[in-house]
1. Taking the range 78-87 on its own, how many of its residues are more than 9 Å from the chain's Cα centre (by Cα) and assigned to a strand (DSSP E or B)?
2. Could you list, in sequence order, all residues of the range 73-91 that are of a type in the set (A, V, I, L, M, F, W, C) and either at pLDDT below 95 or surrounded by fewer than 16 Cβ atoms within 10 Å (Cβ to Cβ) (or both)?
3. Please go through the range 37-61 and give me each residue that is part of a strand (DSSP E or B) and either farther than 21 Å from Ala109 by Cβ or of a type in the set (Phe, Trp, Tyr) (or both), ordered by number.
4. Based on this model, can you work out whether Val20 counts as more than 24 Å from Arg106 (Cα to Cα), aliphatic (A, V, I, L, M) and surrounded by 17 or more Cβ atoms within 10 Å (Cβ to Cβ)?
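The values are calculated or read from the model by the stated rules, or taken from the named source; none is laboratory data. The structure displayed is predicted, hence computed values, not measured ones. Because the Cβ atoms are built from the backbone with ideal geometry, glycine has one as well, and the counts that use them run over all protein chains shown.
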Amino acid sequence: MTQQRTFSLIQAGLSIHGHVACDHGVSCFGLVDGDLRSSRGLVHIGAEGLIRGTVEGDHVLIDGTVEGDVAARISLHINGRVKGRIAYAGTIRLGSSAALEGTISRIPALTYGDGPEATITAAAPTAEAEPAVKV
């Protein structure tokens with residue numbers, strides 16, 4: 001049986017005022033004035049994309065701007081701007097054009113639905129978690 005790959009696209013010029021939640025990948029090239037969360041797949045913020053809220057996903061790729069917290073369960077790659085708290089459980093890559101204002105915390109594991117507040121709280125210094133880095 002073939003697995004169908006599904007993703008949603010928020011195109012440039014489209015503004016969403018409210019939260020977006022999906023069970024698949026999503027690419028945003030427009031504005032989301034609210035949280036953008038995916039329970040699995042890639043969450044991509046395009047170069048012209050702007051999120052004013054929390055971004056959460058398995059794999060998170062930020063080429064645009066996030067004004068809020070970011071939680072990545074598997075991988076996080078930032079080439080754009082983030083103003084907020086960042087928590088990741090797998091790997092992180094910062095591109096040469098990354099601009100960060102906030103804290104970065106690596107924690108042992110993240111699960112969907114815990115919410116970034118729980119994620120960030122869990123990132124408080126413990127024996128298992130690395131200390132947050134202020135940038």
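1. Result for the range 78-87: 4.
2. Ile74, Ala89
3. Within the range 37-61, His44, Ile45, Leu50, Ile51 qualify.
4. yes
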